[in-house]
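Peer 1: What follows is a structure written as C-alpha cells; I'll ask about it next.
Every read-out reported here was derived from the displayed coordinates using simple, explicitly stated rules and does not represent laboratory data. Just so you know, these numbers come straight off a predicted model, no measurement behind them. Heads up, the Cβs are rebuilt from the backbone with ideal geometry, glycines too, and the neighbour counts pull from every protein chain shown.
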Amino acid sequence: MSHAQRIIYIPLAAVARFMQTFCVEMLLDAKRNWRRFEQYFTIYKKFAMVGPDQRHFLIQNGCLKKLLKFFINGGMPFVQDSYDKMGDQFNDPNLSYCLDVMWYLACNMVTTNMELKQEFPDTLLCIPEDAI
C-alpha cells in the first residue's frame, strides 16, 4: 500500500500578503510617483531588516529581480519591454533608495551550496578576518 502525499496549506500572514502586493502591483505605480521613492523603498528595507526569513521571502518572491528591472528602467539588453519615463526635464529620480534595498538583499543572500557544505565557490573573494 502506498501512502498518498498530503498537501498542507498554511495561510500567509497579512504582512506577507501585503508585501507580495507591494512588490508586484505597487511597484508599477511607483514610477509615476518618483518624487516619493524614499518612503516607498524604506518599507522594503525595513521589512528586509526584520530578519533572514523576511529577506528570504522577498528573494523567493522575485523582489530582487523586479527591483533590478525597475532600477534599469527598461534598459535590459535584448529585451523589448516598454517602460515609463521617470523624472522630468529638470530632475532625475533618486534611485539610491532602490539601490540600497537591492544591495541589502544581495549582501544578505546565502546560497544553498554555501549553507549546506560550508564551502565557498571560487567566485567569492576570501579575505582574512584580521584584514577587515
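Peer 1: Could you give the length gained by full extension between Arg32 and Ser96, i.e. 0.36 nm per residue of separation minus their alpha carbon distance, to one decimal place?
Peer 2: Between Arg32 and Ser96, full extension yields an extra 21.4 nm.
Peer 1: For Cys98, Cys63, Cys107, which order do you get if you count the other beta carbons within 10 Å of each Cβ and list the fewest first?
Peer 2: Least crowded to most crowded, the residues run Cys107, Cys98, Cys63.
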